[in-house]
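K.L.:
Mind looking over this structure? Questions follow.
Each reported figure results from applying straightforward, stated rules to the coordinates on display, with no laboratory input. All figures in this text were calculated on a predicted structure; none of them were measured in a lab. Using ideal geometry, Cβ is built from the backbone for each residue, glycine included, and neighbour counts are taken over all protein chains shown.
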Amino acid sequence: MLQPDDAGLRLALAEVRDLQRTVVVLRAELEAVHLDRQRQVQDAATTAHNESQQLRDTISALRASLEKLAQEKVDAVQAATTALHADIAQLHETIRVLRGTLEAKA
């Protein structure tokens with residue numbers, strides 16, 4: 001009488017062991033997938049950070065270049081203005097000398 005129950009018990013225990021093995025395998029696969037997903041997220045975050053830093057560096061370089069160009073423009077305008085004032089002063093002096101020469105002849 002105990003033999004049929006023993007067979008059923010052995011079958012149930014075998015099934016439990018199979019289910020436990022399946023749980024262990026699935027847990028290991030789940031952990032592997034989870035670790036892989038964490039690595040992918042970390043890689044994406046690192047890539048995004050690097051791209052962000054690269055964009056900041058590019059913006060900084062472009063800003064410096066733009067400021068340099070603006071200063072060069074201001075310097076060029078000042079140089080042209082200074083040269084123009086010197087030319088005007090020289091022309092006024094030439095006019096004064098010519099006027100004095102004409103008045104002396106008159």
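K.L.:
Just one of ASP5, ASP36 is loosely packed, with under 10 Cβ neighbours inside 10 Å and not hydroxyl-bearing (Ser, Thr, Tyr); which is it?
P.N.:
Details: ASP36 fails: loosely packed, with under 10 Cβ neighbours inside 10 Å.
Only one candidate qualifies: ASP5.
K.L.:
Another one. Pull out all pairs, ordered by first then second residue, where Cβ-Cβ is under 9 Å, the residues are six or more apart or on different chains, the first lies in the range 76-104 and is without any contact (Cβ under 8 Å) to a residue 40 or more places away in the chain and in a helix (DSSP H, G or I), and the second is surrounded by 10 or more Cβ atoms within 10 Å (Cβ to Cβ) and of a type in the set (A, V, I, L, M, F, W, C).
P.N.:
The qualifying pairs do not exist here.
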